[in-house]
Amino acid sequence: EAGVAQSPRYKIIEKRQSVAFWCNPISGHATLYWYQQILGQGPKLLIQFQNNGVVDDSQLPKDRFSAERLKGVDSTLKIQPAKLEDSAVYLCASSLDRLGEQFFGPGTRLTVL
Amino acid sequence: AQSVTQPDIHITVSEGASLELRCNYSYGATPYLFWYVQSPGQGLQLLLKYFSGDTLVQGIKGFEAEFKRSQSSFNLRKPSVHWSDAAEYFCAVGAQMKTSYDKVIFGPGTSLSVIP
């Protein structure tokens, strides 16, 4: 069974630039999560999708972050414009159902200069 | 709202020694509890979870955890640590929200170092 795929693995940009991350969850997983993990901290949920609908985006900085999950499968997370404090690892995870085991992708390490 | 604390930021143990990582949670109802491990350069992996039933839960890689409602704790244990157990460990608590979805909150993590 293929795992959660994410790309790119690494990205370096300058502040005020834009960046997009892509996630392909495990086939059949209805729930998809995007987390931000700052060095030395636990993952912080940015947005949670159930199929292609958003169920929680309370911690997503909506003035600069956006996310979509077209057709309830792949998802993209975008930051525009980026700030220095956005430097972090962005993790995508998926689960078969609510409160089920979350399967995590390898993450995208973003550095904002 | 639920919350999770992991009092130990970093722990160092000798290989072969026993291990206990602490986790305390705050939630009004019976929580769903998880332990995840993040090895260097790898993604997070579920070690074990507690939803209900037996309060002593067995997981992968020889880990176990015990849910203690009276202490609001879900400590992770392993009787004999291996060098490959060096990693970051995250406790997480899940709660069913009023809007019928479920939210999982991760703790800050405990970094484990293993001395040969």
When restricted to A:Leu110, A:Leu70, A:Leu46, the only residue of a type in the set (A, V, I, L, M) and either in contact with a Gly (Cβ under 8 Å, 6 or more places away or on another chain) or modelled with pLDDT under 95 (or both) is A:Leu70
Take the conditions within 11 Å of chain B (Cβ to nearest Cβ), part of a loop (DSSP other than H, G, I, E, B), surrounded by fewer than 16 Cβ atoms within 10 Å (Cβ to Cβ) and more than 12 Å from the chain's Cα centre (by Cα) and apply them to A:Gly28. Does it pass? no
Wholly inside region B:2-59, strands (runs of 3 or more DSSP E) that include 3 or more residues that are more than 8 Å from chain A (Cβ to nearest Cβ), in contact (Cβ under 8 Å) with a residue 40 or more places away in the chain and of a type outside the set (A, V, I, L, M, F, W, C) are B:10-14, B:24-26
Worksheet item: Residue check: is B:Tyr36 hydroxyl-bearing (Ser, Thr, Tyr) and under 21 Å from B:Ile11 (Cβ atoms)?
Response: yes
Condition set more than 14 Å from chain B (Cβ to nearest Cβ) and among the basic types (Lys, Arg), scope region A:1-25, selection surrounded by the most Cβ atoms within 10 Å (Cβ to Cβ): answer is A:Lys11
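Could you tell me which residue of region A:84-98 is modelled with the highest pLDDT, considering only residues that are more than 13 Å from the chain's Cα centre (by Cα) and either of a type in the set (A, V, I, L, M) or closer than 15 Å to A:Gly28 by Cα (or both)?
Let us first name the residues in region A:84-98 that are more than 13 Å from the chain's Cα centre (by Cα), namely A:84-85, A:87, A:95-98.
Restricting the remaining residues to those that are either of a type in the set (A, V, I, L, M) or closer than 15 Å to A:Gly28 by Cα (or both) gives A:84, A:95-98.
Numbers: A:Leu84: 97, A:Ser95: 92, A:Leu96: 88, A:Asp97: 78, A:Arg98: 71.
Residue satisfying both the conditions and the ranking: A:Leu84.
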Quick count over region B:49-86, residues being aliphatic (A, V, I, L, M) and open to solvent by less than 10 Å² (accessible area, probe 1.4 Å), is 3
If we keep only residues of region A:31-45 that are in a loop (DSSP other than H, G, I, E, B) and without any contact (Cβ under 8 Å) to a residue 24 or more places away in the chain, then the residue surrounded by the most Cβ atoms within 10 Å (Cβ to Cβ) is A:Gly42
The lone condition B:Leu76 fails out of (1) in contact (Cβ under 8 Å) with a residue 24 or more places away in the chain; (2) assigned to a loop (DSSP other than H, G, I, E, B) is (2)
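The values are calculated or read from the model by the stated rules, or taken from the named source; none is laboratory data. Treat the numbers as computed from the prediction; the structure is a model and nothing was measured. With ideal geometry, Cβ positions are generated from the backbone for all residues, glycine too; neighbour counts draw on all protein chains shown. Calculation scope for accessible area: heavy atoms of the full protein, side chains included, ligands and nucleic acids excluded. Shrake-Rupley method; radii C 1.70, N 1.55, O 1.52, S 1.80 Å.
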